[in-house]
1. Give the residues of segment 144-182 that are within 16 Å of the ligand (Cβ to nearest atom) and closer than 27 Å to residue 326 by Cα, sorted by residue number.
2. Determine if segment 186-193 includes at least one residue that is closer than 20 Å to residue 308 by Cα and out of contact with any helix residue (DSSP H, G or I) (no Cβ under 6 Å at 6 or more places or on another chain).
3. Would a scan of segment 23-39 turn up a residue that is without any contact (Cβ under 8 Å) to a residue 12 or more places away in the chain and within 16 Å of the ligand (Cβ to nearest atom)?
4. When residues of segment 48-80 are filtered for being within 16 Å of the ligand (Cβ to nearest atom) and either in a helix (DSSP H, G or I) or under 23 Å from the mean Cα position of the chain (by Cα) (or both), how many remain?
5. Against the conditions (1) within 26 Å of residue 298 (Cβ to Cβ); (2) surrounded by 18 or more Cβ atoms within 10 Å (Cβ to Cβ), where does residue 460 fall short? Just the number, please.
6. Just to be sure I understand, how many residues within segment 211-229 are exposed (fewer than 13 other Cβ atoms within 10 Å of the Cβ) and more than 17 Å from residue 313 (Cβ to Cβ)?
7. Looking only at segment 258-288, count every residue that is assigned to a loop (DSSP other than H, G, I, E, B), loosely packed, with under 15 Cβ neighbours inside 10 Å and touching a residue at least 12 places away in the same chain (Cβ under 8 Å) and tell me the total.
Ligand code: MN
């Protein structure tokens, strides 16, 4: 218990420590006598998972639930007993983890199918903390996978690669995504793993001196320019991510500029831009390789500035600039955001929540009827998502196959109701056009309300736009019926008037 607490970098209150102590003893007792495949006591697994989770999300009920996550499934102790001892919140989290364990995932080449499964996974868990527990559980199992039979290893590793690491990525938890990927990569594609590893090692031998030299010179440059920074570190690309990039570049490693990169950590956003300015003053930047993810964060909340510069003798180096808070968030993702807001820090200090998670949460909170909820889930969630931009650079997260009409209503209903045309990437386009990844879409608005036809309904893919169009069409029909009624009434009045006369 003391080692467990020491392994988590967080100061718990006496009350919190007491709860964790109780969960620790309860779990230890419940699993007594059970062994893991490597001969260790079974309880080392929930403790291991809980320590992993504690690194990024030291929330007491969640950690207690992690210590107890296999109890109802694997021991004689029931969920009711846990609820009596630890309360509703802990019991609900454990129940969520158990439920999620019953969802079976079949591997598939169809990437939409796999993506749908990921969404099903998220939808089933209902509470982000359940996913965090499940991911920590999987990471600990992956770290200790060598003791299970090879065939089972392959199956678990494949599932990790298809399901768990992409979800960790979507939630912005870079540290977990990277580790899950590399642990699985080694098992699922052993030959490719070894080849990539060899390639990386050769490259590191060649360029390590280069990196160290550049690190020194960058530090010197920043100090002479009087620009504040906290540290400059080297980072080496992860094997699985290098392997995927190599596939895209047909194995040509000379085309990959970010195998090694330097990372400059600063205290403030303003310092990030000052660092960028100083670097570009002293080192020639490679054109079109400056990416400002601070101004435009990635959909999962990732923030950083990336630039690539020419070094001496034509070699090339990527440099990533971010604040210490951004760095922390890149590692901990949604967990950092949630924990900070719980601690009472200002909401806007964290990265934005991935919008599809926020949407899903909102749906759970909203009082919608189950049929409608399922319809929306089907339409919006069981497809891949695309990310498109407004001219001002705001990101809209839409389902694959979405059209300009969906985009307009996603920005603002009023914009949808007054749309007369659109430009995609600066070119005139039809409002029925399908959007592609990273399109910049500008809606041309008219002063008068648009004439909305049934064609709009057919072209709209999101339930948001469809509901608004349906609403308009219903109102419109009602208007016509009303006018017909009024006319008849008038006829009647006129008739009566004439009769009287
Ligand atoms: Mn487990």
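1. 160, 163, 164, 176, 180, listed by residue number.
2. No; the residues of segment 186-193 include none that is closer than 20 Å to residue 308 by Cα and out of contact with any helix residue (DSSP H, G or I) (no Cβ under 6 Å at 6 or more places or on another chain).
3. yes
4. To start, the set of residues in segment 48-80 that are within 16 Å of the ligand (Cβ to nearest atom) comprises 48-54, 62-75, 77, 79.
From what's left, either in a helix (DSSP H, G or I) or under 23 Å from the mean Cα position of the chain (by Cα) (or both): 48-54, 62-67, 71-74, 79.
Going through segment 48-80 one residue at a time, the tally reaches 18.
5. Every condition holds for residue 460 apart from (1).
6. Residues that pass the stated criteria total 4.
7. Final tally of qualifying residues: 3.
A short reminder: the numbers here are calculations on the coordinates, not readings from a lab. If you're wondering where the values come from, they're calculated on a predicted model, not measured in any experiment. We place every Cβ from the backbone using ideal geometry, glycine too, and count neighbours over all the protein chains shown.
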